[in-house]
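A short worksheet on the structure shown next.
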Amino acid sequence: MSHLDKFKEMRKGLDLVQAIAEADRCLLCHDAPCSRGCPADTKPAEFIRKLRFKNITGAIRTIKENNILGGACGVLCPTSRLCEEKCSAMFKSQNRPAGADRPIQIGEIQRFLVEHSWQRSVRIFEKPEPRSEKIAVVGSGPGGLSCAAELAKEGYQVTIFEGRPQPGGVLRYGVVSYRFDMNFLEHELEDVKALGIKFQCNSPIEGKNAAEKLLQDGFDAVFLAPGLWDAATIKPDGKNIQGLFSSVDYLSALRDGRFEKMEKNIKGKAVAVIGGGSVAMDCIESAVRLGAKDVYLIYRRSYSQMPAEPDERIEALEAGVHFVLLNQPLDYVTAKKDRLKGLKLVRTRLGALDASGRRRPEEIAGSEWTLDADVVIEAIGNKAPDESPEWYPKVDVDGNKLIKADPETGRTSVPGLFAGGDIVRGPALVVQAVQDGKVAARAIKEYLKQ
């Protein structure tokens, strides 16, 4: 197997025997807390119960009817702090420290059932008779796909407008292959396409009043879920620095055909990644896999305050990543022709709690130093494009240019325009975007009845 194949290889999930054995551990709770812990209402208690009693097709149907992206969520969801955190088996273990119980692997079971449906060609949905109403969905990420599927299931004519060459949004361009590969994504998209949804790729809805013009072009309603593709940076005028990448561009390059070029940028180099979330973890682990000489994670707070999942942090440490904690990036050091050669840092200490509930990092005067680095990847968050409010000028936005939408309906300040996902929430989870799509779809159907 080539180096490239190893990089693109996704970890195998459970097989049938393992999945049933795990489901057999379920306590069959009444009013199961695990289901209340799922933001997308995928009903884990229901599909696990059905699997336990060998109703495999019924279990698959439960997932897909409630979450068209059930496979993606099974792989990518931080289940340890969602459904699995609520699992009664775990609480039993906490009350009996000597016991061997642990949370049921809900995400793994969910992934297995969706993969099993593909292997057995289980079809959950049939293309319905078309209705007359037409809906435009802007963005083919989790929020857009979820909303489109919910509407298409009932015959609404849905067209998804995607600015990039292929559909999938963050699922295609924002996750490394060894976590979520293209083959898995294509299977998930097939379930969506089978509903008769039209995809128009390379079709960004940009320019003055572009979103609202869709209503004038014959669409009865519009759902805005373009995601956030502009990266935050510590140096807005640093675009010409060779060796400086945003996490958006870096991760996209690993997925869209620029793999070999990015591998050459990383192999044998000292790489620093700024950030402490799951995206930063993807960046550092992939840099290790690409053969970086040394990989440093730069984070301004402590290890325990990192937003990345505990298992992600442990995997990074085991991979040999150097954690440079309590350090705040200040600037970049460059050589001739704007070639990156180092990262200026200042040490920090933790002060009082801030709005996030974590202790605020405070710079220590006189503690500046420079870390030698050939490559720096900024993974410090994404933001709405500066010009995005022009695309929907009558829609209310906040100070961060995020769309203001009713969380109960996805309605914006413009009748017929709905919104969800990261463009409303800011950077969030795949499963939350899925739920936003479902919420908006219900509201769109009510709106079209008026």
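Things to note:
- Modelled spin labels at R360 and K193, positioned 7 Å past Cα toward Cβ, are 5.1 nm from each other.
- Once exposed loop GluC sites (Glu not before Pro) are cut out (DSSP; at most 10 other Cβ, 10 Å), longest piece of the chain: 127-407
- For the chain, Kirkwood radius (reciprocal of mean inverse C-alpha pair distance, Å): 23.3
- With R₀ fixed at 25 Å, the C-beta to C-beta distance from K54 to C29 puts the FRET efficiency at about 0.80.
- Principal axis analysis of the Cα atoms in the range 178-295 yields extents of 55, 37, 25 Å, listed in decreasing size.
- Amide H to amide H, with H built 1.01 Å from N, E133 comes under 5 Å of Q157, counting only residues 5 or more places away or on other chains.
- Residues Y332, Y178, Y156 in ascending order of nearby Cβ atoms (within 10 Å, fewest first): Y178, Y332, Y156.
- Size descriptors for the range 35-188 (Cα atoms only): Rg and Dmax, in that order, 17.2, 61 Å.
- Taken about its Cα centre, the range 34-174 carries a charge dipole of about 440 debye when Lys and Arg each add +1 at the Cβ and Asp and Glu each add -1 at the Cβ.
- Remark: the range 216-320 carries a charge dipole of roughly 640 debye about the Cα centre, counting +1 on each Lys and Arg Cβ and -1 on each Asp and Glu Cβ.
- The alpha carbons of the range 7-119 stretch over 39, 34, 27 Å along the principal axes, in descending order.
- Length gained on full extension, L16 to R179, computed as 0.36 nm times the residue gap minus the Cα-Cα distance: 56.6 nm.
- Residue of L189, L330, L251 that the Gaussian network model of the chain assigns the largest fluctuation, springs spanning Cα pairs under 10 Å: L330
- Isotropically averaged projected area of the range 230-381, using the convex hull of Cα atoms (one quarter of hull area), nm²: 9.2
- In nm, spacing of pseudo-spin labels at Q242 and S413 (7 Å Cα→C-beta vector): 4.7
- In this label model, D398 and K293 are separated by 4.4 nm, measuring between points 7 Å along each Cα→Cβ vector.
- Straightening the chain between E126 and S80 buys 13.2 nm, computed as 0.36 nm per residue apart minus the Cα-Cα spacing.
- Relative to one another, the C-alpha centroids of the range 253-305 and the range 369-398 are positioned 19 Å apart.
Each reported figure results from applying straightforward, stated rules to the coordinates on display, with no laboratory input. Given the structure is predicted, the values throughout are model-derived calculations rather than measurements. Virtual Cβ from ideal backbone geometry, glycine too; neighbours counted across all protein chains shown.
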